[in-house]
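I have placed the structure first, in the form of C-alpha cells, so that the comments after it can refer back to it.
The values are calculated or read from the model by the stated rules, or taken from the named source; none is laboratory data. Every value quoted in this text rests on a predicted model; they were computed, and no experiment measured them. Don't worry about glycine lacking a Cβ; one is built from the backbone with ideal geometry, like all the others, and counts go over all protein chains shown. These area figures cover heavy atoms from the full protein model, side chains too; ligands, DNA and RNA do not enter into them. Shrake-Rupley method; radii C 1.70, N 1.55, O 1.52, S 1.80 Å.
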Amino acid sequence: MASLLWIVTGLLPITGFQRAGLLGAALLIAGLTYTPLGTRLLSSWLLLQVPHPVTAQPEVAVLVGRGPQIALTTTTLAADLERRGLIHTIYVSGDGRATAERLVALGVPPTQVAGDNCARTTWENATLTTAWLRQENPGAPLPAITLITDPWQLPRATLAFQRQGVAVRPMAAPIDHLSARDQNRLALRETAALLLYRLQRRT
C-alpha cells in the first residue's frame, strides 16, 4: 500500500515533504481502520444509518442468514419474543436448516417457523421474504416485520426491506461473543456494502 501511494502521489504537483505527509496520513488512517477504535467508529456510523422503526409491534420476525455464530443470538432473541407473545411467526431467510431447527429447539412451534435457504445476498433476503409475505397475505397490504440481525448488517438490511415496500422494526442481536477481529471484519464489510447498495439504489 505504501509503495502504491508513493507512486500515485508522485504524479501530483507536490513537494517530497508533502508526499511524505500524505503517505503518513493515509497509512495512519488505514492502520486505525483495523483497530478497536476503527471498529467503534464504523459501528457508530452504521447505527446512525438505521431508519426510524415502525411504532407498532409486528407479528412477523425475519432472521437473515449470517452464519451459525450470529444465528446463535438471533434465534435466541426471536424465540424470546415468540415466548413473550410479541411475535407469532418467524421467517428465516438465506440460512441453513440448522437455524430453523434451533428455533424449534428453543420452544418455537414448528408451524410458526418458515423460511428459505435460497437467498445469498441481503437484497435477495428482502426479495424472497417480501414474496412470501405477499403469498401469505393475498390482496392485503404487506405486514410490517421485526428484522433481527447483527448491528452492522441492520442498516443495510432495513433499508433493503423498506425499498421492497416492507415496514420494518429493526432489532440488533447481541454480539458480545464475537471476537474483536470478527467485529472489525463485519464493520468494514457492512460499511462498504452499505455504500455499494446506495450506489445501486437499493436503499
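Rundown of residues vs (1) out of contact with any Leu (no Cβ under 9 Å at 6 or more places or on another chain); (2) of a type outside the set (S, T, N, Q), yes/no style:
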position: LEU86; (1), (2): yes, yes
position: TYR91; (1), (2): no, yes
position: GLY94; (1), (2): no, yes
position: VAL104; (1), (2): yes, yes
position: THR111; (1), (2): yes, no
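Rundown of residues vs (1) open to solvent by 50 Å² or more (accessible area, probe 1.4 Å); (2) assigned to a loop (DSSP other than H, G, I, E, B); (3) charged (D, E, K, R); (4) closer than 22 Å to ALA71 by Cβ, yes/no style:
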residue	(1), (2), (3), (4)
MET171	no, no, no, yes
PRO174	yes, yes, no, yes
ASP182	no, no, yes, yes
LEU186	no, no, no, yes
LEU196	yes, no, no, no
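With a requirement of 3 or more residues that are within 23 Å of PRO174 (Cβ to Cβ) and either open to solvent by 50 Å² or more (accessible area, probe 1.4 Å) or hydroxyl-bearing (Ser, Thr, Tyr) (or both), the helices (runs of 4 or more DSSP H) lying completely within region 62-140 that satisfy it span 68-83, 97-105. Of the candidates GLN57, GLN49, the single residue that is polar (S, T, N, Q), under 28 Å from ARG134 (Cβ atoms), in contact (Cβ under 8 Å) with a residue 40 or more places away in the chain and surrounded by 14 or more Cβ atoms within 10 Å (Cβ to Cβ) is GLN49. Could you grab me the full set of residues in region 141-169 that are open to solvent by 10 Å² or more (accessible area, probe 1.4 Å), farther than 19 Å from THR39 by Cα and either in a loop (DSSP other than H, G, I, E, B) or among the charged types (D, E, K, R) (or both)? Within region 141-169, PRO141, LEU142, PRO143, ALA144, ARG163, GLN164, GLY165, ALA167, ARG169 meet the criteria.
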